[in-house]
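In what follows, a single structure is set out as structure tokens and then discussed.
Since every read-out is calculated from the coordinates, none of them should be taken as a lab result. Keep in mind that what you see is a predicted model, and the values were worked out from it rather than measured. Cβ coordinates were reconstructed from backbone atoms using ideal geometry, including for glycine residues, and neighbour counts include every protein chain displayed.
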Amino acid sequence: MSTVAQKAPATRAADDRVAGVAEPVDVAHAVPQRHPLQWVATVVVAVLAAQLIHMLVTNPNFEWDVVLRYFNTESIGRGLWTTLKLTVIAMAVGIVLGVLLAVCRLSTNWLLRSLAALYIWFFRGVPALVQLIFWFNLSALMPRVSIGIPFGPEFTHWETNALITPLLAAILGLGLNEGAYMAEIVRGGLMSVDQGQTEAAQALGMSRTRTLFRVVLPQAMRFIVPPTGSQVINMLKATSLVSVIALSDLLYTVQSIYNRTFQTIPLLLVACVWYLVITSILYVGQSFIERHYARGSNRNAPTRYRDVLKIRRKPAVARVEVPS
Amino acid sequence: MTAADQPLMSARGVRKHFGPLEVLKGVDLDVHPGEVVVILGPSGSGKSTFLRCVNHLERIDGGSVTVDGELVGYEQRGGRIHRLPERRIARTRRQIGMVFQHFNLFPHLTVLGNIIEAPVGVLREPRAKVTERARVLLDKVGLADKADSFPRQLSGGQQQRVAIARALAMRPKLMLFDEPTSALDPELVGEVLATMRDLAADGLTMIVVTHEISFAREVADRVVFMDGGTIVESGTPAEVLDRPTNPRTRAFLSRFLPAGQPAA
Ligand SMILES: Nc1ncnc2c1ncn2[C@@H]1O[C@H](COP(=O)(O)OP(=O)(O)OP(=O)(O)O)[C@@H](O)[C@H]1O
Ligand SMILES: [Mg+2]
């Protein structure tokens, strides 16, 4: 081994001499790297993919004509709308709660800190399905809700059954649960921002709130957005839990159709394709948001939306410093 | 500067400890308007901690800090001392600029965004007016063409000059510099010191913690030497740098002088 290592430079020097006067090396004409294994792998994957497509198309059990027939129907549309609405509202509740809880968790006030920790412990620990059923059946626990002086007279009250509609129960069940998960994601993001940023903001006389929203949170977003993307997709699918409280989301709608028609597989495919369509749209949205918050994070990061669109085709060149 | 001047910053018996570690053991220092005071001292002597006490980034455990006649972080009301709420402390800090060793620019904002953020958001000054002022400041620190760059696209020296412009945009009465050149490559130190020299010439009141002895000699009105949480020596640059009386000052300075040149 050692003899080889010692011989190598000598051999190279000899090669140089054979080549005569060394021309200046220009790597611009370097031979591209070859990856033979990659080609083999590509062929294997292509064959497998062709087989899969062949199976999907020729297997009559998928009943693609049924899938197509139901894909755009009004009832599916209504179910889809419910699913989307729930996802958006529950996620919004979860994100707002998550930021609040994360800030409480990082606060200097021990009461806020402990309350937030207690919330996160409880709502992450209890299954979402149980929480949904709980909110839906709140009236069994508290038949009426009232506002008044604690242990004193009440000003006004409502029947819980009228107050908690299935939609509200779904939003509470999913949103409050989501808040606990988002809290940990946001907290992780906030902690990843250098302490010096807070100090610089404080030294400039910024208030705590302003420091959070103008300095720390925008930088934390880079760490918050990717896991939040996963949370949105989880939520999209978790909304199917609401069928237990008789809310007709996408999955519940297809279920009630195939319970009548027994076309189970094609109708589940309708739901799957829709879920995948929405997931794809979300994925594109996420990458836009990510690029936005990457502003200034490295020397080549795009600085404007215009550049975000361009970057795919032509990577932005780092600004070259011209010494003045 | 006359003796009749009220000090702009006055520290009296400032004490600070972290757990069992006593970092400041009664620091007394007056800084008069227009004065440049350089703080020297070995690592761990409490220089940074003291600066951070001046703008209340650290809460002091004893003594007092007064800036422009007002207690920092506290208020005297009805013969008793009350801690100020965060909001009021923030208001005091607006008069005190601070420049950090590691610049601490906001990486998600452009250079211009960094400079106008606090004047617009905190002082509620009109954006157009602040932008105009920011461009003047950028020109002053020699970075007029970098307004739309992001901090990470700048060299260390350029970032530090932006940080100085950012602090100046608040029109502070007092500027604190905590080792502003220590994180810079040697060839970038000069540009930052030149900027600071200009500020001193403009009559800005500055407290500077630095290891740049030549800067202290040239720019400081007064040099104080800190060791073990107290100020052990104070005087004009000539007194402290050329004829130090305290043995610890002498030992510290001997490390900076070229070999063979006596410290005294
Ligand atoms: N937040 C903190 N918690 C605990 N100890 C601290 C903290 N900040 C500073 N110290 C300690 O206080 C002492 C003084 O620190 P300080 O940063 O003020 O020193 P310094 O004079 O600025 O030193 P240097 O020249 O290395 O910057 C050090 O021993 C340091 O470890
Ligand atoms: Mg220090």
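The table that follows gives values for the structure above.
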read-out	value
Full-extension gain in nm, residue A:48 to residue A:292, via 0.36 nm per residue minus C-alpha separation	84.1 nm
Separation between Cα centres of the stretch B:12-74 and the stretch B:204-240, rounded to whole Å	15
Chain A, helix-only ellipticity at 222 nm - DSSP H runs n ≥ 4, -39,500 (n - 2.57), divided by all residues, nearest 500	-22000 deg cm²/dmol
Helix-only mean residue ellipticity at 222 nm for chain B, each DSSP H run of n ≥ 4 adding -39500 (n - 2.57), per residue, nearest 500	-9500 deg cm²/dmol
Cα gyration tensor shape for the stretch A:136-255, rounded if a/c is under 1.5, else prolate or oblate	oblate
Residue-averaged beta-carbon neighbours from other chains (10 angstrom radius) around B:118-126	3
Placed amide H near residue B:63: partners under 5 Å, 5+ positions off or other chain	B:15
Counting all C-alpha pairs of the stretch A:64-134, share separated by more than 15 Å (%)	70
Relative contact order (percent, whole number), the stretch B:18-162, Cα cutoff 8 Å, 6+ residue spacing	16
Residue A:282/residue A:167 FRET efficiency (R0 25 Å; Cβ-Cβ; nearest 0.05)	0.70
Virtual paramagnetic centre 7 Å along Cα→Cβ of residue B:88, amide N under 16 Å, in the stretch B:49-63	B:56, B:60
Cleavage-rule hits, trypsin sites (Lys or Arg not before Pro), the stretch B:197-257, DSSP coil, Cβ neighbours within 10 Å at most 11	B:255
The stretch B:1-107 shape via C-alpha gyration tensor axes, a/c threshold 1.5	rounded
Label point at residue B:6 placed 7 Å out along Cα→Cβ; residues across the stretch B:198-218 whose backbone nitrogen lies under 17 Å	B:205
Cα gyration tensor shape of the protein assembly as shown, rounded if a/c is under 1.5, else prolate or oblate by comparing a/b with b/c	oblate
Computed lengthening from residue A:268 to residue A:25, 0.36 nm per intervening residue step minus Cα-Cα distance	81.3 nm
Efficiency of FRET between residue B:18 and residue B:183 - r from beta-carbon atoms, R0 30 angstrom, step 0.05	0.85
Other protein chain Cβ atoms within 10 Å, averaged over every residue that makes up B:108-117	3
Residue B:173 versus residue B:256: modelled label distance in nm, points set 7 Å from Cα along the beta carbon direction	2.9
Pairwise Lys count, the protein assembly as shown - Cα closer than 25 Å, eight or more residues apart or different chains	12
HN-Hα J in Hz across the stretch A:246-254 - Karplus 6.51, -1.76, 1.60, θ = phi - 60°, x for Gly and Pro	6, 9, 8, 8, 4, 5, 4, 5, 5
FRET efficiency, 1/(1 + (r/R0)^6) with R0 56 Å, evaluated for residue A:41 and residue B:75 via beta carbons	0.20
Computed label-point distance, nm, for sites residue A:75 and residue A:137 using a 7 Å Cα→Cβ extension	2.8
